[in-house]
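Notes follow once the structure below has been shown.
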Amino acid sequence: MQETTLRAICDAVQKTVNEINSVIIGKDDVVRKAMMSILANGHILIDDVPGVGKTSLAVALGKVLGVEYNRIQFTPDVLPSDIVGFSVYNKDTDKFKYMPGILNNTNLLLADEINRTSSRTQAALLEAMEEKQVTVDGISHPLKKPFIVIATQNQVGAAGTQILPHAQMDRFLVKLSIGYPDKASEMQVIRNRQTLDPFKDAKRVMNPDVLQQIQEAVLKVTLKDPVIAYITELVTATREDPRIELGISPRGGIAVSHMAKACAIMNGRDYVTEDDVREVFCDVCAHRIILTQKTRAARQSSRDVLQHILKTVKTPYGV
């Protein structure tokens, strides 16, 4: 990648991150990881308690990136046809006409509280998330590019919720948690919301064409064999660790590589290092593993186990 091109990409990405940080106060790392996922053309699952800014982050991303943004509030009565569309018979033409769902003509979809709808409706997103298309009555309809899902779910109020199946969890590139702000940031949030809507001042920095060009550039970031071997060793370690019942799938290994490439771009490089892999590994993989009952009983989290694996697996250059 030419130095001028790399510099232009880094500048555009940094302007975008700065603009989002002006709305989402005190959560620079979360914004950074969300931006990495967008650059890697991956879907994001935000799992946290109510009121910490999950929806605000998605809205800010949609506005600043300048993409077609849509939102659906998942409730028990939402149907798969609301998501993928449906066919309607037209008696004048004696043919069925496809009526688009919410996924069509959308670059960024906020699937709000995705765990509050039925498993059948959740499954309507599977094809769209993996193949970037929907199929209705045997006919496939491609989605707009780029297409990214940002889904939210709450950790509390489990009544009436449906746990996401592992196959769907595996389709999210990262799982993020925003968390409560520190004291100074919370004071700033309260101060900002007294007289104005901060989203009105958020400026559009990109557009879908520019974003897609950057995503294509991210795929071309150099990933050398020693780093690929390191990713493979990490993934293999999750399958052999006695604390883990189900390790990382090949899709997970690919996801780590794509996220590491996006991380390299945000670090101003056109090649991936082991540090990029280490920075993104837990965010990409924590929701993809299933711990044994004994490990869960010992109150060890997925991140705890993955952090231990990072410490034990040797880096490609022995650093």
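Name the residues in the range 182-220 that are surrounded by 18 or more Cβ atoms within 10 Å (Cβ to Cβ) and either modelled with pLDDT under 90 or not in a helix (DSSP H, G or I) (or both), would you? Within the range 182-220, ALA202, VAL205, MET206 qualify. Between ILE83, ILE102, the distinction of being under 29 Å from GLU216 (Cα atoms), modelled with pLDDT of 90 or more, among the aliphatic types (A, V, I, L, M) and in a loop (DSSP other than H, G, I, E, B) belongs to ILE102 only.
Taking the criterion of being hydrophobic (A, V, I, L, M, F, W, C) and touching a Phe, Trp or Tyr at 6+ places or on another chain (Cβ under 7 Å), the residues of the range 266-319 that qualify are VAL277, LEU306, LEU310. Can you tell me which residues in the range 127-169 are under 25 Å from ALA60 (Cα atoms), touching a Lys or Arg at 6+ places or on another chain (Cβ under 9 Å) and assigned to a helix (DSSP H, G or I)? Scanning the range 127-169 gives MET129, GLU130, MET169. Look at (1) more than 20 Å from ALA34 (Cβ to Cβ); (2) in contact with a strand residue (DSSP E or B) (Cβ under 8 Å, 6 or more places away or on another chain); (3) surrounded by 12 or more Cβ atoms within 10 Å (Cβ to Cβ) and you find that SER118 fails only one, number (2). Of ASP28, ASP82, ASP77, all but one fail to be farther than 17 Å from ASN207 by Cα, touching a residue at least 24 places away in the same chain (Cβ under 8 Å) and surrounded by fewer than 21 Cβ atoms within 10 Å (Cβ to Cβ); the exception is ASP82.
Note on the range 56-65: residues that are surrounded by fewer than 22 Cβ atoms within 10 Å (Cβ to Cβ) and out of contact with any helix residue (DSSP H, G or I) (no Cβ under 7 Å at 6 or more places or on another chain) amount to 1. Test ILE44 against the criterion of being touching a helix residue (DSSP H, G or I) at 6+ places or on another chain (Cβ under 8 Å) and free of Cβ contacts under 8 Å to residues at least 60 places away in the same chain, and give yes or no. Criteria not met by ILE44. From the list ARG278, ARG243, ARG296, ARG269, the lone residue that is outside the structural domain of GLN14 (by TED's automatic domain parsing), under 19 Å from CYS10 (Cα atoms), surrounded by fewer than 19 Cβ atoms within 10 Å (Cβ to Cβ) and not small (Gly, Ala, Ser) is ARG269.
Table: residues versus (1) in the same structural domain as VAL189 (by TED's automatic domain parsing); (2) buried (at least 22 other Cβ atoms within 10 Å of the Cβ); (3) in contact with a His (Cβ under 9 Å, 6 or more places away or on another chain); (4) more than 17 Å from CYS263 (Cα to Cα).
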position: VAL17; (1), (2), (3), (4): yes, no, no, no
position: ASN21; (1), (2), (3), (4): yes, no, no, yes
position: ILE24; (1), (2), (3), (4): yes, yes, no, yes
position: ILE38; (1), (2), (3), (4): yes, yes, no, no
position: ASP48; (1), (2), (3), (4): yes, no, no, yes
position: GLY51; (1), (2), (3), (4): yes, no, no, yes
position: LYS54; (1), (2), (3), (4): yes, yes, no, yes
position: ASN70; (1), (2), (3), (4): yes, no, no, yes
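The values are calculated or read from the model by the stated rules, or taken from the named source; none is laboratory data. Quick caveat, the model's predicted, so the values are computed rather than measured. In this analysis, Cβ positions are derived from the backbone assuming ideal geometry, glycine residues included, and neighbour counts consider all displayed protein chains.
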